[in-house]
Amino acid sequence: MTASTAKLPVGSKFFIGDGGSPTETFTAVINVKSIGVSGGQADEIDVTHLDSSAGFREYIAGFKDAGEIELGLMFDPSSTTHAIASRSLYELFKSGTTFNWRIDIPWGSAVYRFSGSSFIKSEPKINLAPDSPAEGTVTIRRTGPTTLALVP
C-alpha cells in the first residue's frame with residue numbers, strides 16, 4: 001500500500017494587495033480559520049448542427065467564471081485587515097474596490113501560491129455567541145484567471 005502524501009494546511013495565509021506600483025505590498029489577513037476556494041466553471045455552448053453524428057449534442061467551452069473564495073475568521077473589529085482600515089475586508093466591501101489577493105500554502109520546503117483579482121461580494125457576516133469567539137465569514141468574488149506558482 002502506498003503511503004499518503006496528505007499534509008495539513010497549517011501556516012496557510014490569505015493576503016490582500018495594496019495595488020502599489022511598481023511593487024505591490026501584500027498584507028496577511030489575521031485570524032483566518034478556513035479558506036474555501038470554489039472551482040471555476042466554463043459556460044457550455046451548444047454547437048450541435050444537422051450533420052452532428054451519432055445523435056449526440058456537441059459543445060464547446062465559452063466564457064469562464066472564476067468562482068469565489070470564502071474566508072472563515074475569528075472576527076476582530078480592531079484589526080486593520082478586518083474592519084478599521086481603508087484596505088480592510090469591511091471597507092473593501094463598502095467601496096466595491098477590486099484588489100489583488102494571494103493564498104500561500106506551505107508544502108514541505110516550498111510554498112504554493114495562488115493569486116488573482118477580486119472584490120468583496122458580501123458584507124462580512126458576524127456571529128456572536130456566548131460560548132465561542134466572535135466569528136465571521138466573507139465571500140470574495142474572483143474576477144479573471146487564477147495563477148498558481150511554486151515559490152522556493
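The values are calculated or read from the model by the stated rules, or taken from the named source; none is laboratory data. None of these values were measured; they are calculated from a predicted model. Note that each Cβ is placed from the backbone with ideal geometry, even for glycine, and that neighbours are counted across all protein chains shown. These accessible areas exclude ligands, DNA and RNA; they are computed on the full protein's heavy atoms, side chains included. Shrake-Rupley method; radii C 1.70, N 1.55, O 1.52, S 1.80 Å.
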(request) Tally the residues that are buried (at least 17 other Cβ atoms within 10 Å of the Cβ), more than 16 Å from residue 142 (Cα to Cα) and either touching a Gly at 6+ places or on another chain (Cβ under 6 Å) or free of Cβ contacts under 8 Å to residues at least 60 places away in the same chain (or both), restricting the search to region 62-109. (result) 7
(request) Residues being closer than 24 Å to residue 110 by Cβ, without any contact (Cβ under 8 Å) to a residue 40 or more places away in the chain and touching an Asp or Glu at 6+ places or on another chain (Cβ under 6 Å): count how many of those fall in region 7-52. (result) 2
(message) Looking at 95, 88, 78 in this structure, which one is hydroxyl-bearing (Ser, Thr, Tyr) and over 19 Å from the mean Cα position of the chain (by Cα)?
(response) 78
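Filter region 36-56 down to the residues that are of a type outside the set (Val, Ile, Thr) and in a loop (DSSP other than H, G, I, E, B), then identify the one that is most open to solvent (accessible area, probe 1.4 Å). It would help to see each step written out before you state the result.
The first filter runs over region 36-56 and keeps only residues of a type outside the set (Val, Ile, Thr), leaving 36, 38-44, 46, 49-56.
When the remaining residues are screened for being in a loop (DSSP other than H, G, I, E, B), the result is 38-40, 49-52, 56.
Numbers: 38: 50, 39: 61, 40: 52, 49: 96, 50: 179, 51: 131, 52: 25, 56: 146 Å².
Per the criteria, the residue is 50.
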(request) Name every residue in region 112-131 that is at pLDDT below 95 and open to solvent by less than 70 Å² (accessible area, probe 1.4 Å), in order of residue number. (result) 122, 124, 129
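Are any residues in region 1-25 part of a strand (DSSP E or B) and either of a type in the set (A, V, I, L, M) or open to solvent by 60 Å² or more (accessible area, probe 1.4 Å) (or both), and if so, which ones? Can you show your working first?
Keep residues of region 1-25 that are part of a strand (DSSP E or B), which gives 13-17.
13, 16, listed by residue number.
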